[in-house]
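Okay, structure first, notes after.
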Amino acid sequence: MHSGMKRLHPLVLFLFLCQALPAFLQDSCAAAPQANYDESKTGEYTLPDPLKFSDGSLVKKRKDWVRRRAEILDLFRCEVFGRAPAGLPKPTFEVTESDSRALDGKATRKQVTIWLLATNGGPKLDLLLYIPNGLKRPAPAFIGLNFGGNHTVTKDPAVHVTKSYVRSQFGKNGVANEESRGLQTSRWPIEKIIDRGYALATAYYGDIEPDYDGGWTNGIRGAVASQGAATAFSPDAWGAISAWAWGLSRAVDYLQTDPQIDPRRVAVVGHSRLGKTALWAGAQDERFGVVISNNSGEGGAALARRLYGETTQRINTSFPHWFCGNYKKYNANEAALPVDAHMLIALSAPRRVYVASAEEDRWADPKGEFLAAKHAGPVYRLFGLRGLPSEEMPPVNKSVGKAVGYHIRTGGHDIRDFDWDQYLDFADRNLPARKS
């Protein structure tokens, strides 16, 4: 157990095991079907209408969307991602390091400790921030979680090596080492982002909660449960993705206090499971002006009902900690879901959303990601905005769309320079500088 983390009360641990073990055993024993990669076998499906209330009445005006949006949010909280607890203490911040001469003088680097539950010594998130120098006004920013620790996104020797648990590719026996410095620089083109006039803020998702079943005991969910929340593991309690999304919002809490950042011009970006996280964070937190999903697939931007590539049963079996307990009701039962990915995307309207796929990433269902972005269009049209411009997927390596953007690039499951070029262009169009 990490330093500063309280041990879980035995009753809380017992309640968790009683609720989680039967579902875990059921899913583990079930024979997951092989992935379908045949379009002719996706079958017929009907998507729930994002503009139809649960009572069957229709959303006709923009003001109606406020109520329908709240209804959809509640469905996702209850049935998919789970509910983050209300009333948690506000975080506190400590700038632990700052250097205005980073990147050969191009940027100011800051390293900020965010005490997630206010208390110094409790669970914390380490935020790495690069801000372009020489701007006449506060900088817009991209923010996203990383997979291996802040030291993996740059070769900058001043960036602290994470002390949180890491997976085997980033260290040994869960401990990060110096050899992992810069391992993921290809996914974070920091100088390109700085040269375009944007700040970059990133944090390690494992600071919020380690990514394995049971990692909640060393994460924010365990810390909250240790405070006596005996209902912390109810069927609609927050899963790991919800916890990571909650942590992203705490990072934005800090950005709002930094005079070098324009908090009205923040784009959240995430790849794969962290793309799911970015979509869920953006759906809930309207401070994100642009929301970007990179290869997020099942449980993210891909339509679950298509039954192509990864399925609900497969993801709940492989990663039982990501979603809430209720989500397991939809294993091999996607048609019963009251929501789908197009509604997750639509929750950010009228704010802008970009969805990206990769040609070889069939597991994430590129066509399902495109269709979800397409079917979010009616909500954007409610605001006088245009969704995706065509019924068919665009050619490979071509970006389309204005309020909702999309591309499918060559290559596999990754985030690459081509992706970032599109995100920067999209942000230029949708996070314009304000005069005041």
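Of the residues G377, G412, G384, G401, only one is open to solvent by 60 Å² or more (accessible area, probe 1.4 Å) and farther than 21 Å from I143 by Cα; which? Show your work before the answer.
On the way: G377 fails: open to solvent by 60 Å² or more (accessible area, probe 1.4 Å); G412 fails: open to solvent by 60 Å² or more (accessible area, probe 1.4 Å); G401 fails: open to solvent by 60 Å² or more (accessible area, probe 1.4 Å).
On inspection, the qualifying residue turns out to be G384.
Within region 368-398, restricting attention to residues that are within 21 Å of R305 (Cα to Cα) and aliphatic (A, V, I, L, M), which residue is farthest from the chain's Cα centre (by Cα)?
M393
Can you give me the number of residues within region 129-141 that are buried (at least 24 other Cβ atoms within 10 Å of the Cβ), of a type outside the set (G, A, S) and over 12 Å from T108 (Cβ atoms)?
Qualifying residue count for the region: 1.
Any chance you could count how many residues in region 261-275 are in contact with a Ser or Thr (Cβ under 7 Å, 6 or more places away or on another chain) and in contact (Cβ under 8 Å) with a residue 40 or more places away in the chain?
Just the residues of region 261-275 that are in contact with a Ser or Thr (Cβ under 7 Å, 6 or more places away or on another chain), to begin with: 270, 272, 275.
Add one more test, that the residue is in contact (Cβ under 8 Å) with a residue 40 or more places away in the chain, and what stays is 270, 272.
The qualifying residues number 2.
Quick check on my filter: what residues within region 386-436 are in a helix (DSSP H, G or I) and of a type in the set (S, T, N, Q)? Talk me through it step by step, then tell me what you get.
Going residue by residue through region 386-436, those that are in a helix (DSSP H, G or I) are 417-430.
Result: Q422, N430.
With the condition being open to solvent by 20 Å² or more (accessible area, probe 1.4 Å) and either within 29 Å of R137 (Cα to Cα) or of a type in the set (G, A, S) (or both), I'd like the helices (runs of 4 or more DSSP H) fully within region 208-308 carrying at least 2 qualifying residues. Before the answer, list the steps.
Working: elements: 220-225, 240-255, 273-284.
Per the criteria, 240-255.
Could you please find all residues in region 330-350 being under 19 Å from the mean Cα position of the chain (by Cα) and surrounded by 19 or more Cβ atoms within 10 Å (Cβ to Cβ)? Lay out the reasoning, then the answer.
Of region 330-350, the ones under 19 Å from the mean Cα position of the chain (by Cα) are 339-350.
Listed by number, the residues that qualify are V339, D340, A341, H342, M343, L344, I345, A346, L347, S348, A349.
What pairs come out if I take residues in region 82-111 that are part of a loop (DSSP other than H, G, I, E, B) and pair them with residues that are open to solvent by less than 70 Å² (accessible area, probe 1.4 Å) and β-branched (V, I, T) whose C-beta lies under 8 Å away, six or more apart or interchain?
Between residues of region 82-111 that are part of a loop (DSSP other than H, G, I, E, B) and residues that are open to solvent by less than 70 Å² (accessible area, probe 1.4 Å) and β-branched (V, I, T), the close pairs are P85/V224; L88/V224; P91/I114; L103/I190; L103/I194; K106/I194.
Just need a number here: residues in region 116-128 that are assigned to a loop (DSSP other than H, G, I, E, B) and open to solvent by 40 Å² or more (accessible area, probe 1.4 Å).
From region 116-128, those assigned to a loop (DSSP other than H, G, I, E, B) are 116-123; that's our starting set.
Filter once more, keeping what is open to solvent by 40 Å² or more (accessible area, probe 1.4 Å): 119-120.
Of the residues in that region, 2 qualify.
Using the structure shown, decide if P235 is touching a residue at least 60 places away in the same chain (Cβ under 8 Å) and closer than 21 Å to R83 by Cα.
On the way: touching a residue at least 60 places away in the same chain (Cβ under 8 Å): yes; closer than 21 Å to R83 by Cα: yes.
Answer is yes for this residue.
Can you name every residue in region 351-367 that is closer than 15 Å to Y308 by Cβ and of a type outside the set (A, V, I, L, M)?
To start, the set of residues in region 351-367 that are closer than 15 Å to Y308 by Cβ comprises 357-367.
Correct list: S357, E359, E360, D361, R362, W363, D365, P366, K367.
Consider region 41-72. How many of its residues are part of a helix (DSSP H, G or I) and either without any contact (Cβ under 8 Å) to a residue 60 or more places away in the chain or surrounded by 17 or more Cβ atoms within 10 Å (Cβ to Cβ) (or both)? Before you say what the answer is, go through the steps one by one.
Of region 41-72, the ones part of a helix (DSSP H, G or I) are 41, 62-72.
Remaining after also requiring either without any contact (Cβ under 8 Å) to a residue 60 or more places away in the chain or surrounded by 17 or more Cβ atoms within 10 Å (Cβ to Cβ) (or both): 63-72.
The qualifying residues number 10.
Mind listing whichever residues of region 129-173 are among the aliphatic types (A, V, I, L, M) and part of a strand (DSSP E or B)?
Narrowing region 129-173 to residues among the aliphatic types (A, V, I, L, M): 129, 131, 135, 139, 141, 143, 145, 153, 158-159, 161, 166.
L129, I131, A139, A141, I143, L145 - these are the residues of region 129-173 that are among the aliphatic types (A, V, I, L, M) and part of a strand (DSSP E or B).
Of everything in region 146-173, what is of a type in the set (G, A, S) and either surrounded by 15 or more Cβ atoms within 10 Å (Cβ to Cβ) or under 12 Å from Y204 (Cα atoms) (or both)? Give them in sequence order. Please lay out each step first, then the result.
Quick first cut of region 146-173, residues of a type in the set (G, A, S) only: 148-149, 158, 164, 168, 171.
Selection gives G148, G149, S164, G171.
So, of the residues in region 415-436 that are among the aromatic types (F, W, Y) and crowded, with 18+ Cβ neighbours inside 10 Å, which turns out to be farthest from L58 (Cα to Cα)? Let's see the steps before the verdict.
Within region 415-436, the first condition is being among the aromatic types (F, W, Y), and the residues that meet it are 418, 420, 423, 426.
Now narrow it down to the ones that are crowded, with 18+ Cβ neighbours inside 10 Å: 420, 423, 426.
Working: W420: 38, Y423: 34, F426: 31 Å.
Here the answer is W420.
Looking at A302, A267, A346, which one is closer than 30 Å to K63 by Cβ, out of contact with any Phe, Trp or Tyr (no Cβ under 7 Å at 6 or more places or on another chain), of a type in the set (G, A, S) and modelled with pLDDT of 95 or more?
It is A346.
Check A267, A251, A243 and return the single one that is of a type in the set (G, A, S) and closer than 19 Å to Y327 by Cα. Reasoning before the result, please.
Working: A267 fails: closer than 19 Å to Y327 by Cα; A251 fails: closer than 19 Å to Y327 by Cα.
Going through A267, A251, A243 in turn, the sole match is A243.
Within region 312-329, identify whether any single residue is touching a Lys or Arg at 6+ places or on another chain (Cβ under 6 Å), buried (at least 21 other Cβ atoms within 10 Å of the Cβ) and farther than 18 Å from L431 by Cβ, and answer yes or no.
At the first step, the residues of region 312-329 found to be touching a Lys or Arg at 6+ places or on another chain (Cβ under 6 Å) are 316.
Remaining after also requiring buried (at least 21 other Cβ atoms within 10 Å of the Cβ): 316.
Cutting the leftovers down to farther than 18 Å from L431 by Cβ gives us 316.
Yes: region 312-329 contains one or more residues that are touching a Lys or Arg at 6+ places or on another chain (Cβ under 6 Å), buried (at least 21 other Cβ atoms within 10 Å of the Cβ) and farther than 18 Å from L431 by Cβ.
The values are calculated or read from the model by the stated rules, or taken from the named source; none is laboratory data. Just so it is clear, the structure is predicted and the values come from calculations on it, not from any experiment. Cβ: placed from backbone, ideal geometry, glycine included. Neighbour counts: every protein chain shown. Side chains included, ligands, DNA and RNA excluded: accessible areas come from the protein's heavy atoms. Shrake-Rupley method; radii C 1.70, N 1.55, O 1.52, S 1.80 Å.
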